[in-house]
1. Kindly express, to the nearest 10 degrees and within the range 0 to 90, the angle between helix A:281-295's C-alpha long axis and the longest C-alpha principal axis of chain A.
2. Mind checking which of A:285, A:74, A:45 has the largest fluctuation in a GNM of chain A, springs on alpha carbons under 10 Å?
3. Averaged across the residues of A:74-86, what count of C-beta atoms belonging to other chains lies within 10 Å of each residue's C-beta?
4. Only helical DSSP H runs with n ≥ 4 go in: add -39500 (n - 2.57) per run for chain A, normalise by residue count and round the 222 nm mean residue ellipticity to 500 deg cm²/dmol.
5. Give the carbon-plus-sulfur fraction of the accessible surface of the range B:117-468 in %, rounded to a whole number; probe 1.4 Å, heavy atoms of protein chains only.
6. What's the local net charge at residue B:424, with K and R +1, D and E -1, over the other residues with C-beta under 13 Å away?
7. Top mean-square fluctuation among A:132, A:157, A:111, Gaussian network model of chain A, C-alpha springs under 10 Å?
8. Under 19 Å between alpha carbons, and skipping anything fewer than 8 positions from residue A:179 in its own chain: which aspartates and glutamates qualify?
Amino acid sequence: MYKLIPLLLLTLAPLHAQLSVLCTTRDLADIASRIGGNAVRVEAMATGAQDPHRILAKPSGLLKLRRADVLIEMGLDLEHAWLPALLENAANERIAPGQPGFINASDGITPLEVPTTVDRSRGTDVHPRGNPHYNLDPEGGRTIARNIAKGLALVKPELKATLDANLRSFEADLDAKLKEWAPHFARLKGAKFVVRHGWFPYLAQRAGFTVIADLEPMAGLEPSPAHVAAVMDLIRREKPAALLVPPWKQDGITKRVASETGVRVLALPVGCTNDAPYATWLSWMDHLISALAAAVPEPAK
Amino acid sequence: MSNSVFGAAAQSSRSPVSFNMCAFIFVALAARGALAQSGQPAGVQTLEQRVADMQIRYEGRIAALEAQVLHLRAAPTALPVADDAIEQALGGVMLSGVMGRLDQTTRFSNRFNPAISLVSDLVYSYSSRADSFETDNQFRMRPIELGFAGRIDPHVNLIAALAADEDGMTLEEGYAVWDKGLPDTFTLRAGRLPIDFGKLSAMHDHELSFVDKPSTLQEYLGGKALTTGLAVHHWFGVGEVPVRWSVGVGNSLGQDAHAIQGPAAGEQHHGAAATGAEPFGRRGADDFVWTARVTSSIDLGANDDLQLGSSGIFVPGAKEFFYTDPPANTAVASGALGRSIIGIDAHWRHADAGSTGAFTLGGEWIWVRMELADTSAPVPVFSGARNHSQGGWLFAEYAFDEHWSVGARAERFQHAEDSSLVWRGWNCALTWNIDEFNRVRFELGGVDTDDAVAPYGFAMLQWTLVLGSHAHALAW
Ligand SMILES: [Zn+2]
């Protein structure tokens, strides 16, 4: 009897054959639902309000992985601390790396900040394969969308026309936004920022701003007092437009740097979240880019 | 259940020829690049440098492989000098086949080495006990734990943990996990296994939030409960709720306590064969230990989860050693004595947004039923009397961030063989995770028991080091 249930579901499947797509981040989930449309049912394992390097592995995640038809990951080792072990335990051949159901959204990205050596004696580097935060870049979103369209078409070739149409519509929206963002990028060109963790190299390259210092001496490492002091000196000298921190890093160190140097702190989600105005990748990018541009003082006439 | 899966150690080594060629071209091009790059912004320069580096590396490799092709064409029967890459690719074929033949001996190579880990744990322990000379107010080194883990073939992982101290080395765990190719999510474990009982029993000491396992666990299970046998694990979903269960069978209930403080402190591998023992006679089905566990983890929103579990260990009627005093230290085997241990556990975890901080509240409660022996008989036999004891602990832990955490634990249990004697204790720990591999902990505690020992307090300073790259797998 128990064995008949999946059989029964299988016979019903062609009627409601939505692909179950599991994404490691909300950014991927939002773009995947744009690309997949009604043909997919999308779920995210984390939001932009959570640190994507440190998602807690939970048994519920195991169950989601077990049931997924497709898994989409950011790649570049962003999820290396928690995903491989869960994936191994989930024992779902459909989404095993190398299978069509496993989509690495970073395919084709040229990673920035690739370390020349990975050495324990230098501390724990959470970016062993280069910077994985390409979702904070308009063109990164385009790459994600294209990889998802390509990947889903491999899983379900009959969807190819729909996926391509949805991809074109997404890229049209993105191109329209890029036109809107052009003045922001113009304003950001040459601006200086201090960051807490390397969230911004892709966007900095795109918009032409400079990250003059990172409060993390190395990706994933908390700063020593000496490092904080050195960054504060630099802030006093260079007067950056803002200190950019993720929402969960508004701690003592951030507050101290802000109060002692007077630098403005911008705490922004580093991916789209479940809540407006950051609920879609495009709307979140919109807010992120406007907020950065707004932090840059009006050029002197 | 293993709590850590070690990072894959496989790395391809570059052949000397291709490396040299790379280095040569690199130097040549780098010199050219240095001449060309002047008066450009630093960012552009670095990027260009990186592109150039990448080009060089790939050109170097291509050149090396072309050289190998030429070499092979020239002397098709001889293996090329730089055969690493090819051998690497053929490795699986070379190593495949039967495990051993009469006319062959097995020669191991470094290729496909398992992940290796080494845990060192040094504790300075102070206590106000009157009889502390042997155990406290001194440095204590836990046996060094040597871990090996690796995949044998597409279906089976092999996991082993050895404990080494100045007296020698003992096998703590050594078992195969058949995790691929079985139906659904079933896995089969076989060998010297940690028993799937509660949340903390199967954990390695270095994964705990306190220096030692709870004293209740030490009293009832000797710390980590182990057996040599088989266990079947399976998990599935009931709606959105994951459920895991396991059943196992083993020869006997073994223990492996490396406790610094608590009822099992100073004892190590229980159940070791006593010298000069009377033979046990024939083994019957009653002598085996049977184990079972069912557990479930429920998400309470995005940041909270609750795990509930229930476990049991049943020994229908095992023979045990009893030591008769005169003549000194002679052991005799008893008649069948039954023992049942039932436990329930609950753990609630709240993770802060960003997942760097987390609060955990957890506890386990254990009931033990022991059949007592009549030791006045020439061969001790079941006296007809049973002792029922129970006890457990409650702990709270708050991790401020990845580096700092505090924890407190309170426990109370009745002695396993005499429920009239109650043991009460508490512990408070401050932990500094300097990084993934280096941890310092300070712990204070107190004990008040109904037996002859006067109430005492203790303090411990612990330094734990982990050698070997690792990832944290799910333990539930
Ligand atoms: Zn990062």
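1. 0
2. Looking only at A:285, A:74, A:45, the largest GNM fluctuation is found for A:45.
3. Values: counts 0, 0, 0, 0, 0, 0, 2, 3, 5, 1, 5, 7, 2.
Across A:74-86, the average partner-chain Cβ count within 10 Å equals 2.
4. Details: 10 runs with 130 residues, N = 301.
Here the helix-only value at 222 nm equals -13500 deg cm²/dmol.
5. Using a 1.4 Å probe with all protein chains present, the range B:117-468 comes out at 63 percent carbon and sulfur.
6. -3
7. Per the Cα network of chain A with a 10 Å cutoff, A:157 tops the list.
8. Of all the aspartates and glutamates, those that pass the test against residue A:179 - Cα under 19 Å, at least 8 places apart if same chain - are A:137, A:139, A:171, A:286.
The values are calculated or read from the model by the stated rules, or taken from the named source; none is laboratory data. Being a predicted model, the structure only gives us computed values, none of them experimental. Please note: Cβ atoms are built from the backbone with ideal geometry, for glycine as well, and neighbour counts cover all protein chains shown. Heads up: the accessible areas ignore ligands, DNA and RNA and are worked out on the full protein's heavy atoms, side chains in. Shrake-Rupley method; radii C 1.70, N 1.55, O 1.52, S 1.80 Å.
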